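J.: One structure, as structure tokens, below. Some questions next.
Every number here is computed from the coordinates shown, using simple stated rules; none is lab data. Keep in mind that this is a model prediction, so the values were computed, not measured. Heads up, the Cβs are rebuilt from the backbone with ideal geometry, glycines too, and the neighbour counts pull from every protein chain shown.
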Amino acid sequence: MNVDLSRRSFLKLTGAGAAATTLGAMGFGEAEAATAAHVRAFKLATTTETRNICTYCSVACGIIMYSRGDFAAGEKAELVHIEGDADHPTNRGTLCPKGAALKSYVKAATRLTRPRIRRPGSDHFEDISWDEALDRIARAVKDDRDANLIERNAAGTLVNRLTTTGFLAASATTNETAWATWKVVRSLGIVGFDNQARV
Ligand code: SF4
């Protein structure tokens, strides 16, 4: 049989065949429909998204935390998934292995979730409230600054140096938080000021 098949006709024919194959693969056959009926619903569909920063290192990648629970009804949020924030300029959705394992870190039984103190003479730590911890830190810094602030150097120049209190800042933070931290620490005159990124 002599078939006169032009290039245009050939492309139409092969295109139709490919389309038919694709439709079958997309689930228009009976077997595919049955399979599709068992596909799980998207697991994040009913979750609440909360943007945050990875806690691990100074790269400070953006993350999205997905949780379940009706907060308006007073329910406690249950974290179900964490992934990289595609809109964050630092990591654009990517996470290193440590960041990708953040959910395990959050849910670890050994995770520290409250401030702790070992009082003078004690051999163990005990939990205290955030209010008590902040009050104690504020009191200690104020007392130390009142007692030890160096207002002028040997030449009589005003310097306002506080060399007896140090401050270690976290690097997993935003530019705005870092700016506010810098302002507070330097306005107290603290000289010993370092960052987690260098530790
Ligand atoms: S995801 Fe990795 S690189 Fe990014 S902040 Fe966390 S630990 Fe650092």
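J.: Residue 169's amide H: which non-local residues (gap 5+, or another chain) put their own amide H closer than 5 Å, with H modeled 1.01 Å from N in plane and none for Pro or chain starts?
T.: 194, 195, 196
J.: Could you calculate, for the chain, the ratio of the Cα radius of gyration to the Kirkwood radius, expressed as Rg to Rh? Mind dumping the intermediate values first?
T.: Values: Rg = 29.9 Å, Rh = 23.4 Å.
Here the Rg-to-Rh quotient is 1.28.
J.: Still on this model: Go ahead and run the numbers for FRET between residue 184 and residue 38, Cβ-Cβ distance against an R0 of 45 Å, rounding to 0.05.
T.: Values: r = 56 Å, r/R0 = 1.25.
It comes out at approximately 0.20.
J.: Please order 56, 105 by the number of other Cβ within 10 Å, starting at the fewest. Walk me through the numbers before you get to the answer.
T.: Values: 56 18, 105 14.
So the residues, fewest neighbours to most, are 105, 56.
J.: Related question: What whole-number distance in Å separates the alpha-carbon centres of the stretch 81-128 and the stretch 176-193?
T.: One Cα centre to the other: 24 Å.
J.: Note the angle between two axes, namely the Cα long axis of helix 175-187 and the longest principal axis of the Cα atoms of the chain, as a number of degrees from 0 to 90, rounded to the nearest 10.
T.: 0 degrees
J.: Also, I was wondering about something else. Go ahead and set up a Gaussian network model of the chain, Cα springs under 10 Å, then flag whichever of 153, 52, 175 fluctuates most.
T.: Fluctuation is largest for 153.
J.: Which percent, to the nearest 5, of DSSP beta bridges fully inside the stretch 116-198 are antiparallel? Present the calculation step by step, with values, prior to reporting the outcome.
T.: Working: 4 of 9 bridges.
Given both bridge residues lie in the stretch 116-198, the antiparallel proportion sits at roughly 45 percent.
J.: Using a cut-off of under 19 Å, list every residue of the stretch 63-106 whose amide N is near the label point 7 Å from the Cα of residue 175 along the Cα-to-beta-carbon line.
T.: 63, 85-93
J.: Next up: Suppose we keep just the DSSP beta bridges with both residues in the chain; what percent of those would be antiparallel, to 5?
T.: Working: 16 of 21 bridges.
Taking every DSSP beta bridge within the chain, about 75 percent pair in antiparallel fashion.
J.: When only Cα pairs under 8 Å and 6 or more residues apart are kept, what is the percent relative contact order across the chain? The partial results should precede the final answer.
T.: Values: 222 pairs, mean separation 26.6, N = 199.
Relative contact order for the chain comes out at 13 percent.
J.: Of 44, 158, 168, which has the largest mean-square fluctuation in a 10 Å C-alpha GNM of the chain?
T.: Of 44, 158, 168, the most mobile in the Gaussian network model is 158.
J.: Over the chain, how many pairs of lysines fall under 28 Å by alpha carbon, counting only those 8 or more apart in sequence or from different chains?
T.: 9
J.: DSSP loop (so not H, G, I, E, B), at most 12 other Cβ within 10 Å: list which trypsin sites (Lys or Arg not before Pro) in the stretch 100-182 pass both filters. Please report the intermediate quantities before stating the final value.
T.: Numbers: sites: 103, 107, 111, 116, 118, 136, 139, 142, 145, 152, 161; in loops: 111, 118.
Listed in order of number, the matching sites are 111, 118.
J.: While we're looking at this one, here's another question. Under a 5 Å amide H to amide H cut-off, with H placed in plane at 1.01 Å, what residues pair with residue 81 once short-range neighbours are removed?
T.: Counting only residues 5 or more places away or on other chains, the set is 66.
J.: Where is the GNM fluctuation largest for the chain (alpha-carbon springs, 10 angstrom cutoff): 120, 97, 89?
T.: In the Gaussian network model the winner is 120.
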